[in-house]
Amino acid sequence: MTQTVAVLGTGKIGEALLSGMIRAGWRAGDLLVTTRRAERAEKLRARYGVEAVTNAEAAKSADILILAVKPQDMGRLLDELAPHVTADRLVISAAAGITTGFIEERLTAGTPVVRVMPNTPVLVDEGMSVISAGSHATAEHLDHAESIFGGVGKTLRVPESQQDAATALSGSGPAYFYFLVEAMTDAGILLGLPRAQAHDLIVQAAIGAAVMLRDSGEHPVKLREAVTSPAGTTISAIRELENHGVRAALIAALEAARDRSRELATGNG
């Protein structure tokens, strides 16, 4: 049976999901979008051939609702949807920190809710989306979520109790790598390289290292040791990283991100 999917709050992540679904074979006629601005709706309509509707219209007609709004906007959106969402709908939340319980309490009793934390590489079909079931969601509902988010990268099912940790590690994860590339590029300039060359060297090193991590099956320690010769350049650099507490700083940073995700769940936006 054909199902209708509505993406509510079609910003960058929402549009990435929309385009990924179309590439994966979903018909534009089965997809709905909602936006705040009329000009944005017109762009999506022209680009993908989808219908732009109001949130209430989406809730009345779509079988699957993907809530892709910011966490601080979720309460207001749910108030708008509540009169129209029946328990035979599937609600998928892609908002950081928002629990399935928060959503279930505001919708019709028994409504299945799935929580998903994607990251921005969904924009290039290399995303990681972490999926958790709410109290009324079944394996079939999780399969539906994976069929959508699997079109823009990989998916991983975890208990919802691990979602805040996954948000800190994966949801925010790309930003840590961008920060590291930025710092290494600056270091390259300090060492005498032009910015463009330093950038290209670091980006390709990052891509190559990521592919080796993914495809080799080796532990990162082994891959690092393969680059680290006795009394060589790499071990000298690693000593400085350890002296400056980089490992401890990363652990503290991820703990802070996890804690902020928990704060968002309580409404402290």
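What accessible area per residue, rounded to a whole number of Å², is obtained for the chain using a probe radius of 1.4 Å? List each step's numbers first, then the result.
Working: 14820 Å² over 269 residues.
On a per-residue basis, 55 Å².
State the Cα centre-to-centre distance between the range 116-142 and the range 195-266 in whole Å.
25
For the chain, modelled as a Gaussian network with Cα springs under 10 Å, which listed residue fluctuates most, GLY49, GLY97, GLY232?
GLY232
Using 0.36 nm per residue, how much length does the chain from ALA237 to ALA210 gain when fully extended, once their Cα-Cα distance is taken away? Could the numbers behind the result be given before it?
Numbers: separation 27, 0.36 × 27 = 9.72 nm, distance 1.98 nm.
Length gained between ALA237 and ALA210: 7.7 nm.
List the equivalent ellipsoid semi-axes of the range 93-205 in whole Å, largest first, each obtained as the square root of 5λ for an eigenvalue λ of the Cα gyration tensor.
Details: eigenvalues 289, 38, 16 Å².
The answer is 38, 14, 9 Å, longest axis first.
Highest mean first, what order results for 72-78, 242-248 on Cβ atoms within 10 Å?
On the way: 72-78: 17.6, 242-248: 10.4.
Put in order of decreasing packing, that is 72-78, 242-248.
I need two numbers for the chain: Rg to one decimal and Dmax as a whole number, Cα atoms only, in Å.
Both quantities, over Cα of the chain: 21.3, 68 Å.
On the protein heavy atoms, probe 1.4 angstrom, tell me the percent of accessible surface of the chain carried by carbon and sulfur. Each step should come with its number before you reach the end.
Values: 8650 of 14820 Å².
Its accessible area is 58 percent carbon and sulfur atoms.
Give, rounded to the nearest 20 debye, the magnitude of the charge dipole that the range 1-70 has about its Cα centre when Lys and Arg contribute +1 at Cβ and Asp and Glu contribute -1 at Cβ.
Numbers: 11 positive and 7 negative charges, 59 e Å.
That gives the range 1-70 a dipole magnitude of about 280 debye.
Which of PRO83, THR111, ALA46 sits closest to the plus end of the dipole of the range 3-157, meaning its Cα is farthest towards the positive end, when Lys and Arg get +1 and Asp and Glu get -1 on the C-beta?
The listed residue farthest towards the positive side: ALA46.
Amide H to amide H, which residues 5 or more places from GLY127 or on other chains are under 5 Å from it, using H placed in the peptide plane?
VAL122, GLY153, LYS154
Among DSSP bridges having both ends in the range 59-137, what percentage is antiparallel? Round to the nearest 5.
Details: 4 of 11 bridges.
Percentage antiparallel, nearest 5: 35.
I need two numbers for the range 165-264: Rg to one decimal and Dmax as a whole number, Cα atoms only, in Å.
15.4, 47
Using only the alpha carbons of the range 8-60, determine the length spanned along each of the three principal axes and report them from longest to shortest in whole angstroms.
Extents along the principal axes: 26, 22, 18 Å.
Got a sec? Charge dipole of the range 174-269, +1 on Cβ for Lys and Arg, -1 for Asp and Glu; which of GLY188, VAL203, GLY245 is way out at the positive end?
Final value for the positive-end residue is GLY245.
Nearest 5 is fine: what % of DSSP beta bridges in the range 3-157 come out antiparallel, could you say?
Numbers: 4 of 26 bridges.
Bridges in the range 3-157 that DSSP calls antiparallel: roughly 15 percent.
Can you tell me, using C-alpha contacts under 8 Å and at least 6 residues apart, the relative contact order of the chain as a whole percent?
Details: 408 pairs, mean separation 40.3, N = 269.
The normalised contact order for the chain reaches 15 percent.
Using helices alone, I'd like the mean residue ellipticity at 222 nm for the chain: each DSSP H run of four-plus residues gives -39500 (n - 2.57), total over residue count, nearest 500. Numbers along the way, then the final one.
On the way: 12 runs with 137 residues, N = 269.
For the chain, the value works out to -15500 deg cm²/dmol.
If you count the DSSP beta bridges with both ends in the chain, what percent of them are antiparallel, to the nearest 5? Can you show the working numbers first?
Numbers: 4 of 26 bridges.
If we restrict to bridges inside the chain, about 15 percent are antiparallel.
Work out how far the C-alpha atoms of the range 41-165 reach from end to end along every principal axis, then list the three figures in whole Å, largest first.
The Cα atoms of the range 41-165 stretch 36, 33, 28 Å along the principal axes, largest first.
Across the chain, how many lysine pairs, 8 or more positions apart or on different chains, have C-alpha atoms separated by under 26 Å? Please give the number.
Pairs that pass both the separation and distance tests number 9.
The values are calculated or read from the model by the stated rules, or taken from the named source; none is laboratory data. Bear in mind the structure is a predicted one, so any value in this text is a computation, not a measurement. A quick note on method: Cβ atoms are made from the backbone with ideal geometry, for glycine too, and the neighbour counts reach across all protein chains shown. The accessibility values were calculated without ligands, DNA or RNA, using every heavy atom of the protein model including side chains. Shrake-Rupley method; radii C 1.70, N 1.55, O 1.52, S 1.80 Å.
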